[in-house]
Structure formats: C-alpha cells, structure tokens
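J.: My questions will all concern the structure given below.
Every read-out reported here was derived from the displayed coordinates using simple, explicitly stated rules and does not represent laboratory data. None of these values were measured; they are calculated from a predicted model. Here the Cβ is made from the backbone with ideal geometry for all residues, glycine too, and neighbour counts use every protein chain on show.
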C-alpha cells in the first residue's frame, strides 16, 4: 500500500487528467479506491473496473454500493487480456492502472488489450511505485519508468509523458 504522500500524488494525477462525462476503465482496480475517488470528484464519469482476484472484485462491488446514487460504477472479475471480449473495441475515453502494472504477467499483451478498448485518442494513465518504494512494501519487482515507456511504445502507444514524484512513476500516453 503506498504511503499517504504517494496516494495524494496519484489522486491528483488521476483527477487532473480525467474529464467530466467520460467513460473510464480501471484495470487492476483492487478494492476500487481509485474508481470511487473518480466518480465522487469528476462529474458524470462512468467507470468499469476489472481485477483478476475474486475477493478484490467482491470487496470493490460492496464498496461501490456506497457510492453516490447516480454513479455508474461496476467491477468485473477478469484478466486484463480478457477486456476486449468483455467490453468490445474502442469503448473507453480513459484507462487507468493504479499500482497494478507490475502485476501483469505479460505487460505488452496487456497494454495491447488496453489500447484496443480505448477510443481513438483515448488516454492511458499509469501510476506505479518506483522499484525502491514498491519492493520495500511488498517485495514485488517493479519496472523502471524507461522500461514502462518502452513497453508502451511496443504496444502501439505514442506521446508518452513520464515523471517521477514522491516515489511514484506517473505516465500519460495516448492511443494514436
């Protein structure tokens, strides 16, 4: 779990880039914290979330029931590589991966699936702890900013903007 400062950096990064009324996919949503934050703070956003862990999906959907009554918010149990079958092509304005990218077993294949469900000019936002910070929390290897950017290019994304703030890698990229 990221520290409070990292969570604040991630929250402000996500909220700064997501527009009202958009459709968003939260990939590797865990317990749904980012999805809840977004529907509470960005008007009219509809969120579909996926996670491979059944317990996380159950917990996220329970939490989503406490969301504002007008919130369009749902979580599905699925591997990131199954999202095309689940949602179809060119469906979302945004996709986010908040501290979940390091968990993808085949990251380039996962990025290609995300690219497929994004509309033309759709935006992918990745927030990932740096190797040092992430591995100290859960002993799970993390990718460098340069490695993530290279995988994004291999998956067909362009205009990769990356920064590191408060032990967090923040990446914004667009589908051409």
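J.: If you build the convex hull over the alpha carbons only and average its shadow over all orientations, what do you get for the chain? Give it in nm² to one decimal. Spell out each step's value before the answer.
T.: Working: hull surface 35.5 nm².
So the mean shadow area of the Cα hull is 8.9 nm².
J.: Which order do 164, 173 fall in if you start with the one that has the fewest other Cβ atoms within 10 Å?
T.: Working: 164 15, 173 24.
Fewest-to-most ranking of 164, 173: 164, 173.
J.: With a 10 Å radius around each residue's Cβ, average the other Cβ atoms per peptide and rank 148-155, 47-54, highest first.
T.: Those peptides, ordered most packed to least, come out 47-54, 148-155.
J.: Below 8 Å, C-alpha to C-alpha, sequence gap of six or more: please give me the relative contact order for the chain in percent.
T.: This gives 21 percent for the chain.
J.: In addition: So how far apart, in nm, are the two label points at residue 144 and residue 85 if each is 7 Å from Cα heading toward Cβ?
T.: 3.6 nm
J.: Now for a different question. What order do you get for 15, 118 when you list them from fewest to most C-beta neighbours inside 10 Å?
T.: 15, 118
J.: Also, quick follow-up: Can you give the relative contact order of the range 84-176 as a percent, counting alpha carbon pairs under 8 Å and 6+ residues apart?
T.: Relative contact order comes out at 32 percent.
J.: Applying 1/(1 + (r/R0)^6) with R0 = 35 Å to the Cβ-Cβ distance of residue 70 and residue 17, what FRET efficiency is obtained, to the nearest 0.05?
T.: For residue 70 and residue 17, the calculated efficiency is 0.95.
J.: Something else: Restricting to the chain, compute how many DSSP beta bridges are antiparallel as a %, nearest 5.
T.: Roughly 40 percent of the DSSP beta bridges within the chain come out antiparallel.
J.: Which residue fluctuates most in the GNM of the chain (Cα springs below 10 Å): 65, 19, 112?
T.: 65
J.: So, in Å, what gap is there between the alpha-carbon centers of the range 103-166 and the range 4-53?
T.: 16 Å
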